[in-house]
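Scroll down for the structure; my scribbles are underneath it.
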Amino acid sequence: MPLVNEALEAAIARPRRSMLYMPGANARALEKAKTLPADSLILDLEDAVAPDAKEAARKQVVAAVKAGGYGKRELVIRINSLDTGWGHEDVPAVAKSGADAILIAKVESAAQVQHVEHLLGVWGGPDDLALMAMIETPMGVLNAAEIARASARMICLVMGTSDLAKDLHAAHTRERLPMLTSLGLCLLAARANRIAIVDGVHLDLADDAGFDHACRQGRELGFDGKTLIHPKQIEGANTAFAPSADDVAWSKKIIAAHAEAEAKGEGVVLVDGKLIENLHVEAAERLVALAERVAELEKAG
């Protein structure tokens, strides 16, 4: 499905090393978020908000986004499922809020995404308002590919590993072996449809070593970043999912060497004893571009 516009295409590639959930009912948290070095903020109207606070949280989040002050942080509003009355009230409120994206909870089919897309049309959501989908159930995992291509607005899959583990009757382990099949299927779905994908949360705030391991594992698997439940996790995620200085230097070196080889009519080149082909250059160019976007975000503060 073609993208609506260039803004959405650019949104797919933006850094999402850290996506921090912020409870929509907590005014102090929404204000504090303006100072936190997270790449993205998920202003939550769903799990973090009690039923009797849904309406107040919705008004508060929309007002906060409209007021601004969040710099270049990506502002994502997680709405309630459309299986609830809250979800249907969330969409018209969020449509013209100025948020960068809507995160749809508990997505299990393309039809759910398309329903939200339709409602955005009804309520005048701008063309560059993106959609993201929470994949947090077995059915969502099995239908991840159709969800990833359900709408031209779709830019990112977000793993909800806590709910998924519950539904799978799976254990929470350091290596996350019970989750690897689900994580892998969703990664395939995202990459096949050329959209972003972000890993699930690490719940044990006292387990710093476990969090670092999960970030490292997520980066190795191919995730773009990690969702977070506390500001103390931001630095670790930003470090884990950012290209290192050594990686950037190596990437620039092989890009230059390959360009020189191509100018001589050669398709491959040896750099420090390693065979470099076009596929390595593509990966290197992607890494350098990410590093540049990260540097721009960090400079903006």
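How do the pairs read when you match residues in the stretch 227-249 that are closer than 29 Å to D44 by Cβ and in the same structural domain as L103 (by TED's automatic domain parsing) with residues anywhere that are acidic (D, E) and modelled with pLDDT of 95 or more, using Cβ under 6 Å and keeping only pairs 6 or more apart or on different chains? Matching pairs, first to second residue: G236/D212. Restricted to helices (runs of 4 or more DSSP H) entirely inside the stretch 1-88, those with at least 3 residues that are farther than 13 Å from D100 by Cα and aliphatic (A, V, I, L, M) are 27-32, 54-67.
Considering the stretch 36-69, the residues that are surrounded by fewer than 19 Cβ atoms within 10 Å (Cβ to Cβ) and within 20 Å of the chain's Cα centre (by Cα) include one that is modelled with the lowest pLDDT, namely D47. The residues of the stretch 101-116 that are surrounded by fewer than 22 Cβ atoms within 10 Å (Cβ to Cβ) and within 22 Å of E9 (Cβ to Cβ), listed by number, are A110, Q114. Across the stretch 201-220, the qualifying residues are those that are without any contact (Cβ under 8 Å) to a residue 60 or more places away in the chain and outside any helix (DSSP H, G or I), and the one among them that is farthest from R149 (Cα to Cα) is A206. If the condition is being surrounded by fewer than 17 Cβ atoms within 10 Å (Cβ to Cβ), among the β-branched types (V, I, T) and under 30 Å from L180 (Cα atoms), then the stretch 230-271 contributes only T239.
On the stretch given as the stretch 127-162, residues that are out of contact with any helix residue (DSSP H, G or I) (no Cβ under 8 Å at 6 or more places or on another chain) and either without any contact (Cβ under 8 Å) to a residue 40 or more places away in the chain or not assigned by TED's automatic domain parsing to the domain that holds V94 (or both) total 1.
What's the number of the only condition in (1) in contact (Cβ under 8 Å) with a residue 12 or more places away in the chain; (2) part of a helix (DSSP H, G or I); (3) closer than 15 Å to R14 by Cβ that F223 fails to meet? Of everything listed in (1) in contact (Cβ under 8 Å) with a residue 12 or more places away in the chain; (2) part of a helix (DSSP H, G or I); (3) closer than 15 Å to R14 by Cβ, F223 misses just condition (2). Within the stretch 92-109, is even one residue part of a loop (DSSP other than H, G, I, E, B), closer than 22 Å to V198 by Cα and of a type in the set (V, I, T)? Yes - at least one qualifying residue is present in the stretch 92-109.
Let's see how each residue does on (1) assigned by TED's automatic domain parsing to the domain that holds V288; (2) over 18 Å from L157 (Cβ atoms); (3) touching a residue at least 60 places away in the same chain (Cβ under 8 Å); (4) in contact with a helix residue (DSSP H, G or I) (Cβ under 9 Å, 6 or more places away or on another chain):
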{"position": "I12", "(1), (2), (3), (4)": "no, no, yes, no"}
{"position": "P23", "(1), (2), (3), (4)": "no, yes, no, yes"}
{"position": "A38", "(1), (2), (3), (4)": "no, yes, yes, yes"}
{"position": "A64", "(1), (2), (3), (4)": "no, yes, no, yes"}
{"position": "G71", "(1), (2), (3), (4)": "no, yes, yes, yes"}
{"position": "V76", "(1), (2), (3), (4)": "no, no, no, no"}
{"position": "A101", "(1), (2), (3), (4)": "no, no, yes, yes"}
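The values are calculated or read from the model by the stated rules, or taken from the named source; none is laboratory data. Please read these numbers as outputs of a predicted model, since none were measured by experiment. FYI the Cβ positions are ideal-geometry reconstructions off the backbone, even for glycines, and counts take in every protein chain you see.
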